[in-house]
1. Would you confirm whether or not segment 212-219 contains a residue that is modelled with pLDDT under 95 and assigned to a helix (DSSP H, G or I)?
2. Among the residues of segment 204-241, write down those that are buried (at least 20 other Cβ atoms within 10 Å of the Cβ) and in contact with a helix residue (DSSP H, G or I) (Cβ under 9 Å, 6 or more places away or on another chain).
3. Among the residues of segment 144-188, what is the count of those that are crowded, with 22+ Cβ neighbours inside 10 Å and at positive phi?
4. Do the conditions hold for ILE198, that is, is it surrounded by 12 or more Cβ atoms within 10 Å (Cβ to Cβ) and within 20 Å of THR157 (Cβ to Cβ)?
5. Test each condition in (1) free of Cβ contacts under 8 Å to residues at least 24 places away in the same chain; (2) surrounded by 20 or more Cβ atoms within 10 Å (Cβ to Cβ) for LEU191 and report the one that comes out false.
6. Show me the strands (runs of 3 or more DSSP E) found entirely inside segment 1-72 where at least 2 residues are loosely packed, with under 15 Cβ neighbours inside 10 Å and on the phi < 0 side of the Ramachandran plot.
7. Could you give me the residue pairs with C-beta distances under 6 Å whose first residue belongs to segment 38-50 and is farther than 13 Å from ALA104 by Cα, whose second residue is among the hydroxyl-bearing types (Ser, Thr, Tyr) and assigned to a loop (DSSP other than H, G, I, E, B) wherever it lies, and which are 6+ apart or on separate chains?
8. Kindly evaluate LEU206 against the criterion of being hydrophobic (A, V, I, L, M, F, W, C) and in a helix (DSSP H, G or I).
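The values are calculated or read from the model by the stated rules, or taken from the named source; none is laboratory data. Everything quoted here is computed from the prediction, not taken from an experiment. Heads up, the Cβs are rebuilt from the backbone with ideal geometry, glycines too, and the neighbour counts pull from every protein chain shown. Remember, those area values only see protein heavy atoms, side chains included, never the ligands or the DNA or RNA. Shrake-Rupley method; radii C 1.70, N 1.55, O 1.52, S 1.80 Å.
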Amino acid sequence: MEGLNYKRLPYHQYFVDTTNDLNNKNTKRFEMKYNEVLYDWKGVRTHANYEINYDEERNVVQVHFQGTNDLPDWFTNFIFIPKYYDSFKWNNKRITLKVHKSWAAMYKVMKHFIRDGVKNLLNLHKDAEVEVIGWSLGSAMAQLCVQDLNYNLGIKTHLFTYGSVNLFKTNLFNRRKTRKYLRSCCYDYHLFCNRNDIVTYVVPRLFGFIKINRTNVLGRFRFFSLFRPLKYHMHYDEEDLYRKINKKESRY
C-alpha cells in the first residue's frame, strides 16, 4: 500500500540527480555512481548501468538508470527489432509483452542485481516507497524495471522518466490492454516528453511501439526543432517546464 507520508521531489530534481547535474545547475543532492555490468551483444562490447540508493529523509528506495552515454549505447538504441518478452494472465486477460530487442537484452543482464538490491533495502526499511528514474536510454530500462519489480516481487513503484522512449511493441487490438496492465504496475507514472524532443518519438509508433504513457511538458511543437536534440532532449532540469503539470495537480 502506498505510504501516506510519501513525498516526491520536484520533477526537475529527478533529472538533475539521475544525470549527475548534466547542465551544471549545482542542485544535485548526491554524487551518482552508476554500477556497470559489461556484456556482449551482436558482437559489440557494451554495458548496462544502474544505481540503487536509499533516501533516508523521505524513506524512499530509488532505482536509477543511466542515459545514453557512448557509441555502444547508440548502437543499442537503434536496433528496432521487437522480441517476445513474456506472456501471462492478468485480470483474466492474456498479456503478451513484446519489447525493443536490444533494450530488453540490456535490462536482462542487470535485472537480478536490481531485484536483490531493492529487496535488501526494503528488508531494512520495510515501509519505504520505491521510485524508478531514467533519462533517454534509461527511460527504457525504467519502464522494464517497474514491470519486473511488480511481476516478480509484487512491488508497486513511482515512475519518473525524461526524454522517454517507445519500448513496447503492440498492435491496435492489444494496445489499450497492454497500457492498462503496465500502468497497474505503478502507483503513478510520469514519462516526461518535450514535444520537440525527437528521442521521445523513438521507436516510431508507425512501427507499433508505445511507451507506458506520455506526459508532455510545457512547449509548442515545431517540426524543425526536432533537429535540435542538444536543446530539447538535454534540458529537462528547467523547473518552468512542469508549471502546467504542477498547477493541474494542485487543484486536487
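1. Going through segment 212-219, the residues modelled with pLDDT under 95 turn out to be 218-219.
So of that shortlist, the ones also assigned to a helix (DSSP H, G or I) come out as none.
No.
2. Correct list: LYS211, ILE212, VAL217, TYR232, HIS233, TYR236, ASP237, LEU241.
3. Matching residues across segment 144-188 total 1.
4. Values: surrounded by 12 or more Cβ atoms within 10 Å (Cβ to Cβ): yes; within 20 Å of THR157 (Cβ to Cβ): no.
Here the answer is no, as ILE198 does not meet what is asked.
5. (1)
6. Working: elements: 35-41, 44-55, 60-65.
Where strands (runs of 3 or more DSSP E) fall fully within segment 1-72 and carry at least 2 residues being loosely packed, with under 15 Cβ neighbours inside 10 Å and on the phi < 0 side of the Ramachandran plot, they are 35-41, 44-55.
7. Taking only residues 6 or more apart or on different chains, the pairs are ASN49/TYR34.
8. Details: hydrophobic (A, V, I, L, M, F, W, C): yes; in a helix (DSSP H, G or I): yes.
When the stated conditions are applied, LEU206 passes them.
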